[in-house]
Each structure stands twice: as structure tokens, then as C-alpha cells.
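Nothing in this text is a laboratory measurement; each read-out follows from the coordinates by a stated rule. These figures come from a predicted structure and were not determined experimentally. Every residue, glycine as well, gets a Cβ built from its backbone with ideal geometry; the counts of neighbours run over all protein chains shown.
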Amino acid sequence: MVSFRSQATQEKEVSLKKINNFFISYIFIIFIVFSFSVKTLGNENINKKITNYFHSIKEFSSGFIQSNGKTIEEGKLYLKNNRLKINYISPSNIIIIITEKKGMYFNQDLEEVQYFNPRNSIAKIFFQIFFDKYFFNDANFHEKEKSLFINKTIIFESQEYNVTIIFEKSPLIIRKIQIQNAGNITTYSILDPNFNPILDDGFFSLVNPLIG
């Protein structure tokens, strides 16, 4: 029989693997509000707009749907300054809070809390996106009919992740994010983006929620 502790550990391992893909995709989510005419811009101008936009974001929230072709998961994400909170609400209730130096995993269903080093996860790429102005220099942009495609390859722990983001060009609306790794494809849809949420600093607290 699998013990409660073992079940919690297995859930954590699966979820943290899922987080790696989530972070790779999240770095592109904010593209959703761009409103420039892609047809008249070269890659250099697009790159500059993307970089400036990321650096200007202070707070953000949205819903998301995540699918790997076999399962569908739903949740919400929140960003403020250097903190990120991911709240999976279906089919499992899992909260993940990450800062540059510390991450917390909280499985509400199993009442399991564990801490991890985000520098040992692909979460570090998330911080590069917002604070490294050169990150998008090697991204590829191309158009096909009424769509814009943005592609970037990311290497993490000797694993190659190919990310493709597909937009409708006019108006510029994100339609799909695809992540391919080792033959697996994960897609993400972003719902109800909000660039002016009211997020208290305590909302990102790393204090163990099972204590007190």
C-alpha cells in the first residue's frame, strides 16, 4: 500500500516537473497585450518592444488551462515584483509560490508543504525574462498568413525545450503556446489577463500555511 507520505512525495515530483514546463511557457504569456502592427516591424523592433514591456510590468494575474493531450488542468497565476504565485484549482488544489531565492510547494488536498531552491529549477529562466534585457535576442519571429510565430529554444539540465507561441496578427492576440520536450507537447491557454490587480505582499507569503 502506498503511504500518505509516499503519495504526497509522488504528487510533488509530478507537479515540480510540470512547473518546469509551466515556467517555460509563462515567460511568453505577457505578449498577450501587444497592440503594434507586426507587418511593419522587423525582428529588432519587436525584440525591443518585448524587452521594454517585460521590464515595465509590476503586477499581473490571469487564469490558465494546461493540457498535454491526455489531461487538462486549470488554475490561476499572479505576479508582483520578483514573486510568482501559481494556484492549480482543478483537478488538484496545489499552490506554488516562488521568489528568486526560495520556492514553496503546498498540496492543499494532501496537506503537504515542501520548500525548494528555484535556482535548481527552470524557474530561474522566469527571472531572466523580466530582468535580463538580452534574453530575447536569439528568439525567432516569422509570419504565416494571418499568424505570427515566435520560437525559442531553451536548454535546462541538458534538456532541450522548444517553445512556439502562435498569435493572430490583427489585432495581435495570443492563441496558443506549445512546449516540446523529449517528444512530449504541452499547450497553454491564457484567460482573463489583468494588468492592474491589487495584490498585497502577504498574498505571496512563504510562511508554512499549515502552521498557526
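Overview of values
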read-out: Potential extension, Phe203-Thr99 segment - 0.36 nm per residue separation minus Cα distance; value: 36.2 nm
read-out: Rough spin-label spacing in nm, given labels placed 7 Å along Cα→Cβ, for Ile166 and Glu143; value: 1.8 nm
read-out: Arg119 versus Ile72: modelled label distance in nm, points set 7 Å from Cα along the beta carbon direction; value: 4.1 nm
